[in-house]
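Here's the structure, in structure tokens; my notes come after.
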Amino acid sequence: MARKKIIAGNWKMNMTPSEAVELINTLKPLVKNDDVDVLLCVPAIDIIPAMEAAKGSNIMIGAENMYFEEKGAFTGEISPAMLADAGVKYVIIGHSERREYFAETDETVNKKVLKAFEHEITPIICCGETLTQREQGVTIDFIRQQIKIAFLNVTAEQASKAVIAYEPIWAIGTGKVATTEQAQEVCKAIRDCIAEIYDEATAAAIRIQYGGSVSAASAPELFAQADIDGGLVGGASLKADFGKIVCYNK
Ligand code: 13P
């Protein structure tokens, strides 16, 4: 069965609740594409008003992060149950900005992935190399390590539903998009790694996104690659351009 594309926005730390409602109202008529799952991952405080604004449209609302404990004395954190109760079906886990600024590691990513599945929330698991790692030729080794640890104790059934976002760090917010060949090569290596951990059927089912300066101009070629099942879009998801990215095949 062909994999359905999933195109997601990651708003990062942008948009107040009222700005979120306004942007969703602008995007609603622009993102109609039945070939694609359309998702906006928004700041926690925007989730509920964004859900309300997106009602009756094909836009799903996801989260940008969550904690791996159920509840308790973790001031400032958001629990998986809180997200699930708000109707969230997808959560970004282990974005490179969380790894860099908030000390997330492959181990905490793995804990969060397991917890998300426990609450029937699909994790969008981020991986990606630095420029130095690419220049030193260790990209694939590094990403295989990130993937193998992220999927520790994850069942094949869970893994087949997961989403992986390959985001080379040097391409994030820099306007420097990876070439289609570079993006396809790594996404294929990720799929091969999943086949190695699980089996061919799981590898064929899992969806792998590319992220890093995706634009309306670069989306069609990227999303046409055999192992690229959509995108995780930062800057361009904050404007009407996101509609053009979602409708990349129209
Ligand atoms: P940009 O699209 O702004 O490069 O951000 C990519 C990203 O980090 C999405 O998670």
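How large is Rg/Rh for the range 10-59, to two decimals, with Cα atoms and a Kirkwood Rh? Mind showing how you got there, number by number?
Working: Rg = 10.4 Å, Rh = 11.0 Å.
Taking Rh as the inverse mean 1/r over Cα pairs, Rg/Rh reads 0.94.
Between the range 105-166 and the range 188-209, what's the alpha-carbon centroid distance in Å? Distance between centres, Cα-based: 12 Å.
Given the convex hull over the Cα atoms of the range 25-109, what projected area results after averaging over all orientations, in nm²? Each step should come with its number before you reach the end.
On the way: hull surface 26.8 nm².
Mean projected area of the Cα convex hull: 6.7 nm².
Run the dipole for the chain about the Cα centre, Lys and Arg Cβ at +1, Asp and Glu Cβ at -1, nothing else charged, and hand back the magnitude in debye, nearest 20.
Numbers: 25 positive and 34 negative charges, 106 e Å.
In total the dipole reaches around 520 debye.
Shown for S79, S237: other C-beta atoms within 10 Å of each C-beta, ranked fewest to most, produce the order S79, S237. Here the range 116-250 has an Rg and Dmax of 14.6, 40 Å, counting Cα atoms alone.
Note on the chain: Rg/Rh from Cα positions, Kirkwood definition for Rh, rounded to two decimals, is 0.93. Of the residues G128, G94, G137, the one that moves most in a GNM of the chain with alpha-carbon contacts below 10 Å is G137.
If neighbour count is taken as other Cβ atoms inside 10 Å, put M60, M66 in order from fewest to most. Working shown, then result.
On the way: M60 19, M66 25.
The order, fewest Cβ neighbours first, is M60, M66.
Its Cα centre serving as origin, the range 189-242 has a Cβ charge dipole (Lys and Arg +1, Asp and Glu -1) of approximately 320 debye. If r is the Cβ-Cβ distance from L30 to D106 and R0 is 41 Å, what FRET efficiency results, to the nearest 0.05? Rounded to the nearest 0.05, the efficiency is 0.65. Largest GNM mean-square fluctuation across K115, K28, K239, computed for the chain with C-alpha springs under 10 Å, falls on K239.
Throughout, read-outs are computed from the coordinates displayed, never taken from laboratory work. Model, not experiment: these values are computed from the prediction. Methodologically, a virtual Cβ is constructed for each residue, glycine included, from the backbone with ideal geometry; neighbour enumeration extends over all protein chains shown.
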